[in-house]
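The values are calculated or read from the model by the stated rules, or taken from the named source; none is laboratory data. Please read these numbers as outputs of a predicted model, since none were measured by experiment. Here the Cβ positions follow ideal geometry from the backbone for every residue, glycine too, while neighbour counts run over all protein chains shown.
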């Protein structure tokens, strides 16, 4: 039996990334806008803004393993 995947809230992710909640919401908004304008969700242009997320109602959730992967891919990049 495998353990359930751990999900982070926006507050928890902001604490880990040392950024303001508003900054994360701005990044998520830029990500959604790029996708709406036709950018591939898997493209670097979209991925650079924020880790992959799941939106449940008005709440965003982030899988911890996806966040770790996102951080390793963007290590050393200026955001």
Give all pairs with beta carbons closer than 7 Å in which a residue from region 28-46 that is over 18 Å from residue 58 (Cα atoms) meets a residue that is modelled with pLDDT of 90 or more and surrounded by 12 or more Cβ atoms within 10 Å (Cβ to Cβ); count only pairs at least 6 apart in sequence or on separate chains.
41/35; 45/34; 45/39; 46/31; 46/34; 46/35; 46/39
Before we move on, is residue 36 farther than 18 Å from residue 65 by Cα, at pLDDT 95 or above and surrounded by fewer than 16 Cβ atoms within 10 Å (Cβ to Cβ)?
no
